[in-house]
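The values are calculated or read from the model by the stated rules, or taken from the named source; none is laboratory data. Worth saying up front: this structure is predicted, and the values here are computed from it rather than measured. Quick reminder, even Gly has a Cβ in these numbers, built from the backbone with ideal geometry, and neighbours come from all protein chains shown. Only protein heavy atoms, including side chains, enter the accessible area calculation; ligands, DNA and RNA are left aside. Shrake-Rupley method; radii C 1.70, N 1.55, O 1.52, S 1.80 Å.
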Amino acid sequence: MRKSANIGLRLAPWLVFVLLLTVWEMAVRIWSLPLWILPAPSRVLQTAISSFHLLLDHTMVTLGEAMLGFTCSVVLAFLLVFFFNLLPCLRQALYPLLVISQTIPLITLAVLFTIWFGWGLLPKVLVVILVCFFPIAISLIRGIDGVDPEMIDLFRSMGASRLKIWTMVQFPLALPSFFAGLRISATYSIMAAVIGEWMGAQQGLGFYMTLLQKNFAVDGVLAAVLIICLLSLLLVKLVELAEYLLVPWQRTNTIHY
Amino acid sequence: MELEIQDISKSLDRIYTLDKVSIQVKDQEFVAVLGPSGCGKSTLLNIVSGLIPPDQGRILIGGEDWTGRTGRVSYMQQNDLLLPSRNILDNVIVPLLLKGIKKNRARDVAHSFFADFGLEGFEGYYPDQLSGGMRQRAALLRTYLFASDILLLDEPFVSLDAITRRKMQLWLRDIRINYPSSVLFVTHDIDEALILADRVYVFSARPARVIYQLDVTAIRGDEHSYNSAKLEILNKLM
Ligand SMILES: Nc1ncnc2c1ncn2[C@@H]1O[C@H](COP(=O)(O)OP(=O)(O)OP(=O)(O)O)[C@@H](O)[C@H]1O
Ligand SMILES: [Mg+2]
């Protein structure tokens, strides 16, 4: 009984999704909407398949930028936390700035980056870092702050060095929080790369979409959107897989006596 | 190993927490410290373990001055403080790893104690998957593996339900026959102190001062003196 209810709940989003697509498809057919206003989902899929090679080339560029920015963000977040740990006063000075930096509109920065750094790889990676770094850094800091000070006292009482306390206590206990931030960043990394490309590029999904948009090729734009969604989803799943492997202690919760 | 706490005083913002506390734990002796909540019992153990320095006084271990230095005695705090990220076996071997013993060997050493500590069969479980009593036994084993000659135990059973606590007290009393360490045991449960300890010190409310001492071994088995001792301690604590 309960099991079938669970399966029903799991299927629910898929059912809604299929329903939406059907309504969309029907609406386009009934009112015979022109292609440059709204193409039917079937048409979007067709376009995606027919322009597969072109899409793939641009996707690889975007994915590369996103991954590079994402990786840099993780490295930078760890460096930041390392220096915050080393010099607590640095944290006092930088933490508020870090929070304020998040209120700057991303689009304007993306434009500035293309002005300063041209149309190459760098401005895109910078936009991705701007988007991804903050959630990762904050979640890592929160995770480390959340460690019970008594736990650290215990390790100190056993004569553990700071490095040992970091590797045995602070880092592993911060992992669940860290992965929460990583997930958010993974979700937005592709989108950030696309925004970077939108402001000026010679390749990538964002660039491709600006071209299609200028030609009113709405089906092509939507095909690219589809790719962006799928890619973002894939990254989130990869992060979840990594979390599953690296945080095994949060998988089950049965109590034994 | 002998532990001598000599005239320890400690104040925080000019308010005295500990006022010239002296306690002696002889080799293989089990000493309980009873005191009202908030009188400074945990502060005393923090000082003995070396985590915080005293304002005055000395901590002598086997005649050697260890005041303000960590890494000599085993210290089990009020909570079990097991790492949620490690299974029970890997939690328990932490002190051995910190001493530089290789992982496989540390696991072998720790595992030989699992039956006695009632942990056999649960090596691979994470702390979240175990009951409170089991977690306390695991924490106790970890404490024991760090330094087996002097253990500081800070109300180790306070978070357990009455029945489990009783079981743990009896278990600890029995297991001490095979593991005769010197123990300094903090509690505010009079029965617990009288069941387990060879000697009992009673602290006053803050600032903590030793106001009463009792040799439990002398009255064990004698129900009348036992009950009057209990009443006496209760009066002191009121
Ligand atoms: N480093 C310190 N030095 C001196 N006093 C301290 C220090 N840290 C805390 N205190 C004070 O010591 C008092 C007693 O705290 P402590 O935790 O030692 O009591 P306790 O007897 O263990 O209480 P409980 O039974 O609730 O565990 C507190 O009021 C606290 O303000
Ligand atoms: Mg206490």
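Only one of the numbered conditions (1) open to solvent by 50 Å² or more (accessible area, probe 1.4 Å); (2) in a helix (DSSP H, G or I) is not met by A:GLN202, and that is (2). Is region A:244-253 home to any residue that is touching a helix residue (DSSP H, G or I) at 6+ places or on another chain (Cβ under 7 Å), within 16 Å of A:ILE184 (Cβ to Cβ), within 14 Å of chain B (Cβ to nearest Cβ) and modelled with pLDDT of 90 or more? No: zero hits.
If I filter region A:50-66 for residues that are open to solvent by 80 Å² or more (accessible area, probe 1.4 Å), under 20 Å from A:LEU211 (Cα atoms), in the same structural domain as A:ILE138 (by TED's automatic domain parsing) and among the small types (Gly, Ala, Ser), do I get at least one hit? Yes, some residue in region A:50-66 is open to solvent by 80 Å² or more (accessible area, probe 1.4 Å), under 20 Å from A:LEU211 (Cα atoms), in the same structural domain as A:ILE138 (by TED's automatic domain parsing) and among the small types (Gly, Ala, Ser). For A:GLY200, the conditions (1) under 20 Å from the mean Cα position of the chain (by Cα); (2) more than 12 Å from chain B (Cβ to nearest Cβ) are fulfilled apart from (1). On inspection, B:GLN77 does not qualify as more than 8 Å from every other protein chain (Cβ to nearest Cβ) and buried (at least 21 other Cβ atoms within 10 Å of the Cβ).
If I ask for residues that are farther than 19 Å from B:HIS188 by Cα, within 13 Å of ligand 1 (Cβ to nearest atom) and outside any strand (DSSP E or B), which ones from region B:9-46 would you list? Matches in region B:9-46: B:ASP13, B:ARG14. If you go through region B:88-116 and keep only what is within 11 Å of another protein chain (Cβ to nearest Cβ) and part of a helix (DSSP H, G or I), you end up with B:ILE88, B:ASP90, B:ASN91, B:VAL94, B:PRO95, B:LEU96, B:LEU97, B:LEU98. Per this entry, A:LYS124 is not counted among residues that are open to solvent by 50 Å² or more (accessible area, probe 1.4 Å) and either farther than 30 Å from B:ALA139 by Cα or over 27 Å from the mean Cα position of the chain (by Cα) (or both). Considering (1) surrounded by fewer than 17 Cβ atoms within 10 Å (Cβ to Cβ); (2) within 14 Å of chain B (Cβ to nearest Cβ), say which one A:MET168 fails and leave the rest. All conditions are met except number (1). Considering each residue of region B:68-90 in turn, none proves to be touching a Phe, Trp or Tyr at 6+ places or on another chain (Cβ under 8 Å), at positive phi and either within 16 Å of ligand 1 (Cβ to nearest atom) or in the same structural domain as B:LEU214 (by TED's automatic domain parsing) (or both).
Scan region B:127-142 and give yes if some residue there is within 13 Å of chain A (Cβ to nearest Cβ) and assigned to a strand (DSSP E or B), otherwise no. Checking region B:127-142: at least one residue is within 13 Å of chain A (Cβ to nearest Cβ) and assigned to a strand (DSSP E or B).
For region B:152-171, filtered to residues that are within 19 Å of B:LEU81 (Cα to Cα) and away from ligand 1 (no atom under 16 Å from the Cβ), the residue that is least open to solvent (accessible area, probe 1.4 Å) is B:MET168. If the condition is being touching a residue at least 12 places away in the same chain (Cβ under 8 Å), more than 11 Å from chain B (Cβ to nearest Cβ) and not polar (S, T, N, Q), then region A:138-165 contributes A:ILE138, A:LEU140, A:ILE141, A:ARG142, A:GLY143, A:ILE144, A:GLY146.
Would you confirm, using the coordinates I've provided, whether A:ILE115 is assigned to a helix (DSSP H, G or I), of a type in the set (Val, Ile, Thr) and farther than 17 Å from A:ALA192 by Cβ? Answer is yes for this residue. Do we find that B:LEU12 is within 16 Å of ligand 2 (Cβ to nearest atom), modelled with pLDDT under 95, among the hydrophobic types (A, V, I, L, M, F, W, C) and open to solvent by 20 Å² or more (accessible area, probe 1.4 Å) in this structure? So B:LEU12 passes the test.
Of the helices (runs of 4 or more DSSP H) lying entirely inside region A:1-89, those containing at least 1 residues that are acidic (Asp, Glu) are A:2-30, A:52-86. The residues in region B:41-70 that are open to solvent by 40 Å² or more (accessible area, probe 1.4 Å), touching a residue at least 40 places away in the same chain (Cβ under 8 Å), within 19 Å of B:ALA208 (Cα to Cα) and away from ligand 2 (no atom under 16 Å from the Cβ) can be counted, and the count is 3.
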